[in-house]
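Data first, discussion second: the structure below is written as structure tokens.
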Amino acid sequence: MCDAEGAGAAVLVRGVEVVAGVDEVVARRGPARAGWMSGPGKVGAGLGLGPEWSGHPLFEPGGLELRFGPPPACIVRGPRVGIGYASPEDRAAPWRLADAAAKVVPRIVAPAAP
């Protein structure tokens, strides 16, 4: 999930808040419930994403794309999870980010530094 050293080439989306297209997501994942769209597999299933989306450019129109929106008022961050094989420094790295105002916020409590 990376390019040359120092060049980020991917982002792992660990959870989403569904704000549009709820009926489509319900058809794929079933009724909304706690943890409904938490975890990369659930997000992929809910959004209908499979391996064929690998390498898809997110800044080009069509299909899945990133769009600019208002910046969050507060971003929270915390340590990475599920990487017990990594060094203690990498496990503790505060690279898990979320919008503090989102209805579904992962296990993060510390506000991110500005």
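Between Pro70, Pro79, Pro61, the GNM of the chain built on Cα springs shorter than 10 angstrom shows Pro70 fluctuating the most.
Mean residue ellipticity, 222 nm, helices only, the chain: the sum of -39500 (n - 2.57) across DSSP H runs of n ≥ 4, divided by residue count and rounded to 500, is -4500 deg cm²/dmol.
Of all stretches in the chain that contain no GluC sites (Glu not before Pro) in a DSSP loop with at most 13 other Cβ atoms within 10 Å, the longest one is 66-114.
What trypsin sites (Lys or Arg not before Pro) does region 1-36 have in DSSP loop regions with at most 13 other beta carbons within 10 Å?
Passing both the DSSP loop test and the Cβ count: Arg33.
No value in this document is a laboratory result; all are computed from the given coordinates. Values in this document were obtained by computation on a predicted structure and should not be read as measured data. No Cβ is skipped: glycine too gets one built from the backbone with ideal geometry, and neighbour counts run over all protein chains shown.
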